[in-house]
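A short worksheet on the structure shown next.
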Amino acid sequence: MDRLQWSNVSLKDDENFHHSNDGVKLYDGENKASAYEDGNLVLTSHRLIWTNVNDERVCLSLDLSYITSLDEEPSSFTRSAKIVCYLSPRKSGTGSGPVTHSSYTFVRWSFQKGGQTEFMRQLKDVVGRRLWEVRKAPTNQGSSYQVGKLKQGIAGIEKKINEQQRRTDSTISAAFEDLDALMVKAKEMVAISKSIAAKIEQKQGNITEDETVRFKSYLLSLGIPDPVTRDSHKSNSKYLLELSKQISSVLVTPLQECGGMMTLTDVYCRINRARGVELLSPQDLYDACKLLPSMDLPVTLKTYGSGVRLIQLRSSDEESVVAETALLVEERNCLSADELARVIGLSVIIAKERLLLAEQKGKLCRDDTVEGLRFYPNKFLTDCIS
Amino acid sequence: MTTDDSFPWPWQHDFPPFYTLQPNADTRRKQEEAWCTLILSYCKHYKTHQLDVAEISAGPLFNNKSIQRKLATEHIVGILNVLSKKGHVEWLDTNKKSCIIMWRTPEEWGKLIYDWAKSFGLMNTVCTLYELTNGEDSAGQEFHGIENWLLVRALKTLQSSGKAELISLGEANDGVKFF
């Protein structure tokens with residue numbers, strides 16, 4: 001009991017309140033400490049604080065760092081349950097307390113009103129975390145006086161890393177809990193949005209045409225109501241087959257809007273945005289797209305000479321694309337891929353493919369310098385030699 | 001080479017893609033054709049018979065300063081190789097550093113000279129090579145003032161087809177007889 005010191009209930013700077021219990025009696029080892037009956041025991045991140053219920057000035061605290069192990073004594077007819085704290089020897093820095101010397105190496109807390117099980121659980125938890133060490137370490141770095149007290153060396157480092165990992169783990173799992181909840185709700189959400197859309201259609205008179213259109217576009221961008229997933233198909237090839245059909249049907253409209261060509265990267269973003277939750281891996285998407293050319297669908301995958309793979313409409317006419325590109329180049333005398341991309345409002349990769357295609361068809365010729373690759377109308381074929 | 005700068009450059013000379021090897025086969029063929037024509041007419045204009053690749057690659061023929069384009073040396077060699085296949089160029093060394101260039105092939109020269117000799121009634125007569133190149137009769141002809149080695153080569157092509165015979169008159173004064 002000589003490890004206990006006089007104290008007050010106010011917490012220190014980085015100390016946190018954890019738990020408290022009424023009706024706690026203090027035993028110095030085996031002996032009842034008669035002056036310290038019926039008190040309130042408070043567990044903080046750093047200390048155990050015992051306060052007399054009748055007189056708040058009678059307040060004792062025990063640093064958790066003293067605790068070497070914990071034990072529980074169950075209650076019986078004549079005895080109330082107790083928590084036993086085995087303590088390390090008294091340190092020199094400890095303030096004065098009610099007892100200056102004790103022959104016992106443990107104190108006992110008797111829980112006359114119960115609650116010891118919960119208290120024990122909390123106490124074990126707090127002692128296990130050893131927050132008083134974690135807190136001290138960064139502030140006392142470089143102070144040789146403190147070093148002895150801290151867990152240093154490899155063990156200390158390992159402990160720190162473990163602590164860090166534990167915290168990261170809990171953050172991650174907390175984050176994914178939210179996502180799981182969203183996944184569960186996703187189908188419901190899509191169903192709700194559908195029913196809203198239906199209602200709007202019925203009440204079209206009350207809402208202006210413009211608003212309906214806008215609201216519908218929001219709903220549409222919510223995406224694919226029933227995405228093809230791996231779970232819903234037994235075999236891989238069947239799954240990819242279904243997936244490629246879905247990709248085709250989803251992409252037809254956006255492709256028509258953007259000139260008939262799209263890079264696989266864009267496709268990946270579009271599809272996954274439309275799916276919302278059941279996201280596709282790039283590999284699955286690519287495998288599904290590879291099936292497109294062999295299927296009778298409006299959309300197909302085409303590999304260009306440079307190795308770039310584009311998803312494009314089957315109906316998109318190569319000749320007209322070439323003619324259009326050649327015309328644009330002619331109007332501007334010469335164009336580089338990024339200039340053309342700006343003119344037609346498509347990605348640079350697609351613009352480059354169009355230029356290369358037009359070159360391949362003999363409509364353009366190139367000027368390759370350190371400043372970049374530019375394309376000119378193919379005067380070699382159109383104009384005479386001299 | 002004279003400093004006369006009146007050579008009429010074709011439109012390709014100011015066309016930047018002219019200086020990049022075109023990947024399209026059709027385009028490339030037209031581009032090479034244009035280069036061949038340009039090189040021959042340039043050499044003809046300046047009466048150049050021998051080219052040093054390093055020297056010519058720095059010159060205005062392959063180097064258009066106004067549009068800051070030049071044909072890379074490897075491509076110049078490539079074009080000259082094409083000309084060599086057509087009989088206009090003969091490499092003087094295996095490293096392809098210099099070559100002789102004939103804007104007319106020896107066969108073409110030979111035909112030109114033979115047609116002229118025929119029209120001048122020089123058949124079955126012996127005339128000296130000097131007469132051919134510097135005589136009054138040939139004044140105004142394209143081969144007037146032609147270099148001796150080229151003339152000999154032209155006449156040799158005629159000889160091999162049986163239309164002429166070279167006759168050695170001694171002391172570097174050769175003659176030729178047309179049939």
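Rank A:Ala33, A:Ala198, A:Leu251 by how far each Cα sits towards the positive end of the charge dipole of chain A (+1 on Lys, Arg Cβ; -1 on Asp, Glu Cβ) and give me just the farthest. Final value for the positive-end residue is A:Ala33. Counting only residues at least eight positions apart within a chain, or on another chain, the aspartates and glutamates with an alpha carbon under 13 Å from that of B:Lys163 are B:Glu107, B:Asp115.
For chain A, the relative contact order is 10 percent, taking Cα pairs closer than 8 Å that sit 6 or more residues apart in sequence and dividing their mean separation by the residue count. So if I take the centroid of the Cα atoms in the stretch B:28-83 and the same for the stretch A:275-354, what is the distance between those two points in Å? So the separation of the two Cα centres works out to 39 Å. Students often forget the sequence filter, so: which lysines lie under 19 Å Cα-Cα from B:Lys30 once same-chain residues fewer than 8 apart are removed? Those lysines meeting the cut-off are A:Lys361, A:Lys363, A:Lys379, B:Lys70, B:Lys85, B:Lys86.
Measuring r between the beta carbons of B:Asp14 and A:Leu279 and using R0 = 60 Å, the FRET efficiency lands at 0.65. In the stretch A:317-386, the alpha-carbon atoms span a convex hull of 89 Å³ per residue. Here the dipole of the protein assembly as shown is about 2000 debye; that uses its Cα centre as origin and unit charges on the Cβ of Lys and Arg (positive) and Asp and Glu (negative).
Using Cβ point charges alone (K and R +1, D and E -1), the dipole size of chain B about the Cα centre works out to roughly 640 debye.
The label point for A:Arg129 and the one for B:Thr128, both projected 7 Å from the Cα toward the Cβ, are 11.9 nm apart. If you fit an axis through the alpha-carbon atoms of helix A:116-129 and take the longest principal axis of the Cα set of chain A, what angle between them do you get, 0 to 90°, nearest 10? Taking the Cα atoms of chain A, the angle to A:116-129 is about 60 degrees. Label separation (A:Leu381 vs A:His19): 8.5 nm, computed from points 7 Å beyond Cα along the C-beta direction. Amide H contacts of A:Ser102: A:Asp2, each under 5 Å away and 5 or more positions distant or on a separate chain (H built 1.01 Å from N in the peptide plane; Pro and chain starts excluded). Counting only Cα atoms, the stretch A:235-371 measures 53, 27, 26 Å along its principal axes, largest extent leading.
Note on the stretch B:106-178: dipole from Cβ charges, positive end direction compared against B:Ala164, B:Val126, B:Pro106; the farthest Cα belongs to B:Ala164. To test your reading of the geometry: what angle, between 0 and 90 degrees and rounded to tens, separates the Cα axis of helix A:209-221 from the longest principal axis of chain A? Value to nearest ten degrees: 70.
To the nearest ten degrees, helix A:153-202 and the longest principal axis of the Cα atoms of chain A are 50 degrees apart. In sequence order, the stretch B:118-134 has phi-based couplings of 5, 5, 9, x, 9, 5, 6, 10, 8, 10, 7, 5, 4, 4, 4, 8, 10 Hz under the Karplus curve 6.51 cos²θ - 1.76 cosθ + 1.60, θ = phi - 60°, and Gly or Pro positions carry x.
How many percent of Cα pairs in chain A exceed 39 Å?
The calculated P(r) of chain A puts 55 percent of pairs beyond 39 Å.
Each residue, A:Asp55 and A:His101, gets one label point 7 Å from its Cα in the Cβ direction; the gap between the two is 2.6 nm. Let's test the formula: R0 of 35 Å, r as the Cβ-Cβ distance of A:Lys91 and A:Ala174. What FRET efficiency results, to the nearest 0.05? According to the calculation, E is roughly 0.35.
Going 7 Å from the Cα of B:Phe7 in the Cα-to-Cβ direction, what parts of the stretch B:44-68 have a backbone nitrogen less than 13 Å from that spot? Residues passing the 13 Å test: B:44-52, B:55-65. Give me the log10 of I(q) over I(0) for the stretch A:5-140 at q = 0.09, 0.15 Å⁻¹, as the Debye formula computes it from C-alpha points; what are the numbers? The calculated log intensity ratios at q = 0.09, 0.15 Å⁻¹ are -0.24, -0.70.
Compute the separation of the alpha-carbon centres of the stretch A:2-27 and the stretch B:114-145 and state it in Å as a whole number. What the calculation gives is 129 Å, centre to centre. Rounded to whole numbers, the Karplus 3J(HN,Hα) couplings from phi for the stretch B:94-106 are 6, 7, 6, 9, 8, 8, 9, 10, 10, 5, 10, 6, x Hz, using 6.51 cos²θ - 1.76 cosθ + 1.60 with θ = phi - 60°, and x at Gly and Pro.
Each value in this text was obtained by applying a stated rule to the coordinates, not by laboratory testing. Treat the numbers as computed from the prediction; the structure is a model and nothing was measured. Note that we place each Cβ from the backbone using ideal geometry, even for glycine, and neighbour counts take in every protein chain shown.
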